[in-house]
Every structure is written in C-alpha cells, then in structure tokens.
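Notes follow the structure.
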Amino acid sequence: MGQTVLSIHLDALAHNYHYLRSKIEPKTNFMGVVKAFAYGSDAEAVALKLQELGIDYLAVAYVSEGICLRKAGVEKPILVLHPQLENLTDLVAYQLEPSIYSFRVLKAWLAVIKPTKETAYPVHIKINTGLNRLGFSANEIASLSAFLEQQPVLKVASVFSHLAATEDPQENSFTLQQIQSFKQQYQVLCEKLPNKPWQHILNTSGILNYAAEAQFDMVRSGIGLYGFGNDAQYDSMLKPIAQLHTIISQIHELQAGDTIGYNRAHLAQNNMRIGVIPLGHADGIGRQYGNQKGQVWAQDQLVPIVGNVCMDMMMIDLSNVPHAQEGDTVCIFGKQPTAVDLAATANTISYELITGISQRVKRQILP
C-alpha cells in the first residue's frame, strides 16, 4: 500500500447487520442510517450492500444524499431526516420520503405535493419526546392529527422519535419516560388517521439495551452498522468497517535539543527517530491529536504523534521502532487502534472522528 487509504470492509458491515438483527424479532423492520457518507465511509457502497442484505429502509440527513443513492441504483425506501424546504421538489422527483417535524415543514410539503399527481405520498412524523432537537411537541399532536385527517394526498408511513441517552444506564428512567411519552403521543396522533403507521424509536444503543421495551415496528441503526456499540461489551461483538492506513514518507534522526514541526511544539529531550506521514488536519485528523495525545500503529506497536499536526502531514515517534522504514504502512485507526481508542485521546467520540475523514482520502471498497 503506497498511499493514504480508507478501506471499507463490506464483510464487516454484513457481520454487524446480522448481529444487530439478532437482537430484534424477525418481523421487526430495520432501517439503516447512511447519512454523512455512511458515517464517513462510502454511502453508495454501504447502501447497496445493505440493500443486498435485505435492509427494509434507509435513512439520510439531506435530500442531496438521497439523490446520490438513487443515482447509484438504490431502490429501497429512503427517509430524509432533515429535509430543507428548497429541496422538496427534488425529494418528490427521486421518490424520497420526508420527515415532517413541524407545521412549517408540513405546509411547505403540501404546497409542493398537491400540484403533482401523487396520492397517499408516504411521510414520516417526527415527535419530540425529550431530545429537544427536531419534532412536534406533545401539545401539538392533537391538532396535527386533526390536520392530517384532512390531507388525503399524504400517507403517514411512520411515526418516530429519537432517544437521548440509550447508552447510559444512569439515564434509564429518562429513557423509559421518553418511550412512554412516545407511546402516548402515538395513540393521540393515530385517533384520526385512516391507517396505523409504523412506530420506531430505537437507535443502535436502543436496540442493544431496550429491544424488549420498544422495538415496535422498526428500529434504526447508524453507528452500530459501522462497528461501534457505544459500550466496550458491544464493541467487542461488532467489527469496524473502516480502516485508515497511510505510509511513512520520510524518517529523520534527531539530536537532543532539536524541535519538531510548527511552533517548535516538541523538543527532543534525547536523540530520537521520527517518521513523517502524509495525513493531517485537512484529512480529518485534527491538531487535538498532536503533541503525544494520539497514537498510531506502526510495526506492531503504538507510537505517539509528536508536535503539532500539520494540514497534510504529521510526525510520529519511531524511537522505539528501530526496524521501521520509509514506505512502511501505518494504521491510524481500524482494529488497532480503533476509532474509539484514538478519539478518546482527544476527548471526543468515534462518530466525530470517522465522519470527519476528508473526501480527498481515497476509499477502497473491499468485499
């Protein structure tokens, strides 16, 4: 391997999908979340693989993401979680399904859909049960139900909400409160609807921790499909699908007193050996990983990043790796260290690290 590559392992994706499926009833539908380039990997490859595996639904954040999937050949239903009003016409053109989270969005959507020949177009109603992000509030549900009753052009395909802290056992009571609130609001909403929409509220940690309480008609998974369960016990059962590798471009032998990188951020206390690798904050490995916080894998051991991370490069300490040579492969994250491990050194989470890998990094899709 002679360049920086993010390898996407579709066999690991399949493993994760089947593991998460094993935690729910066979009749329960499964929605795969592939927003943000499939969490920094490759949305088209991941979505097509999930479609092959039998996924029931896919979800993206924005209309443009759904359009890319349609153009790639994805035929499964696609929920757009945060549609922007200026993109609603394109949403119809590509048969994407909007999340309706406010009366403002609902009225804008009706203005777009009524002039078309569409009837019973599927929409998904988002309810706010305590995350306080998007969603109709509890005091709007009754009037929403009455309003929807008068709109035969729409079909409410599902009603959903998002749990705030399913990975945190200390927030168990709040999670159960959210689930109960969701059940109550669903009942009120459905009083005047001609059909019974699907319900879904569980995310990855919800699937792993609350499947008995709230798997309903469908569950959603994002981070779990990519190999992370927000808990060490579940991480061990999942496989990271993405592995970021690069090479050692050059090795320098430094003397005690020499400094490294911008702002002379690292002072060599002793003679040391450093490697320069072609990866930096423009690629998604930010400055917060520099100055001996982050570690990468070289010659079967962890070595620290030294000095400030540059835009296109960073330096690593090879003093204890005498056999390392220019051109050798270095693993930034994958099996060792994992994205969880590396992210923790910068006091952040795997989500931020993996979704931040620049699109200029080559993606390699492996079966």
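Let me have the 222 nm mean residue ellipticity of the chain computed from DSSP H runs of 4+ only, each contributing -39500 (n - 2.57), with the sum over all residues rounded to the nearest 500. My calculation for the chain gives -8500 deg cm²/dmol from helical runs alone. The Rg/Rh ratio for the stretch 201-293, using Cα coordinates for both the radius of gyration and the Kirkwood hydrodynamic radius, is 1.23.
For the chain, set up a GNM with springs between Cα atoms under 10 Å and report which of Ser173, Ser64, Ser137 has the largest fluctuation. Checking each option, the largest mean-square fluctuation is seen for Ser173. Taking every protein chain into account, the 1.4 Å probe leaves Lys362 with about 100 Å² of accessible area, to the nearest ten.
Overall, the chain carries a charge dipole of about 920 debye about its Cα centre when +1 sits on the Cβ of Lys and Arg and -1 on the Cβ of Asp and Glu, all other atoms neutral.
Restricting the calculation to Cα atoms, the stretch 73-128 yields a radius of gyration followed by a Dmax of 10.8, 33 Å.
Distance from the Cα centroid of the stretch 250-301 to that of the stretch 1-72 is 35 Å (rounded to whole angstrom).
For the stretch 98-126, the residues whose amide N sits under 15 Å from a probe point set 7 Å from the Cα of Ser137 along the beta carbon direction are 102-104. Think of each Lys and Arg Cβ as +1 and each Asp and Glu Cβ as -1; about the Cα centre, that makes the dipole of the stretch 241-344 roughly 260 debye.
Once backbone amide H atoms are built at 1.01 Å from N, Leu318 has Arg273, Ile274, Gly275 as its partners under 5 Å, excluding neighbours fewer than 5 places away on the same chain. If one computes P(r) from the Cα atoms of the chain, what percent of pairs lie at distances over 31 Å? In whole percent, the long-distance tail amounts to 43. When the scattering of the stretch 1-97 is computed by the Debye formula from its Cα atoms alone, each counted once and equally, what is log10 I(q)/I(0) at q = 0.11, 0.13, 0.21 Å⁻¹? Calculated log10 I(q)/I(0) at the listed q: -0.35, -0.47, -1.03. Across the stretch 27-34, computed HN-Hα scalar couplings (Karplus, 6.51 cos²θ - 1.76 cosθ + 1.60, θ = phi - 60°) run 7, 6, 6, 10, 10, x, 8, 10 Hz from first to last residue, x flagging Gly and Pro. Listed values for the stretch 187-192 are Karplus-derived 3J(HN,Hα) couplings in whole Hz (6.51 cos²θ - 1.76 cosθ + 1.60, θ = phi - 60°), namely 4, 5, 4, 7, 4, 10, and x replaces Gly and Pro. Amide H contacts under 5 Å for Gln364: Leu6, Ser7, Ile8, restricted to partners 5 or more places along the chain or on a different chain, H placed in the peptide plane at 1.01 Å from N. In this structure, Glu52 and Thr259 have a Cβ-Cβ separation that, at R0 = 45 Å, corresponds to a calculated FRET efficiency of about 0.30.
Compactness of the stretch 118-157 is given as radius of gyration and Dmax, 11.4, 34 Å, from Cα positions. Note on the chain: GNM, Cα springs under 10 Å; of Val156, Val34, Val80, the largest mean-square fluctuation is that of Val156. What's the whole-number percent of alpha carbon pairs in the stretch 88-161 lying beyond 20 angstrom? Everything past 20 Å amounts to 25 percent. The residues neighbouring Leu208, those whose beta-carbon lies less than 14 Å from its own, together hold a net charge of -2 under the Lys/Arg +1, Asp/Glu -1 convention.
Taking a Cβ cut-off of under 9 Å around Lys239, the surrounding Lys, Arg, Asp and Glu residues balance to a net charge of 0, with basic ones at +1 and acidic ones at -1.
Across the stretch 85-221, Cα-Cα pairs farther apart than 17 Å form 58% of the total. If you take the alpha carbon atoms of the stretch 228-367 and fit the smallest convex hull around them, that volume is 112 Å³ per residue. Quick one: of the DSSP bridges fully inside the chain, what percent are antiparallel, nearest 5? Percentage antiparallel, nearest 5: 45. Average projection, convex hull of the Cα set of the stretch 287-367: 6.0 square nanometres.
Working note: Karplus 6.51/-1.76/1.60 with θ = phi - 60° gives the stretch 198-210 the couplings 5, 10, 8, 9, 7, 9, 4, 5, x, 4, 6, 10, 9 Hz, where Gly and Pro are set to x.
The values are calculated or read from the model by the stated rules, or taken from the named source; none is laboratory data. Given the structure is predicted, the values throughout are model-derived calculations rather than measurements. Counting neighbours? That spans all protein chains shown, and the Cβs are built from the backbone with ideal geometry, glycine included. We work out accessible area using only protein heavy atoms, side chains counted, and drop any ligands, DNA or RNA first. Shrake-Rupley method; radii C 1.70, N 1.55, O 1.52, S 1.80 Å.
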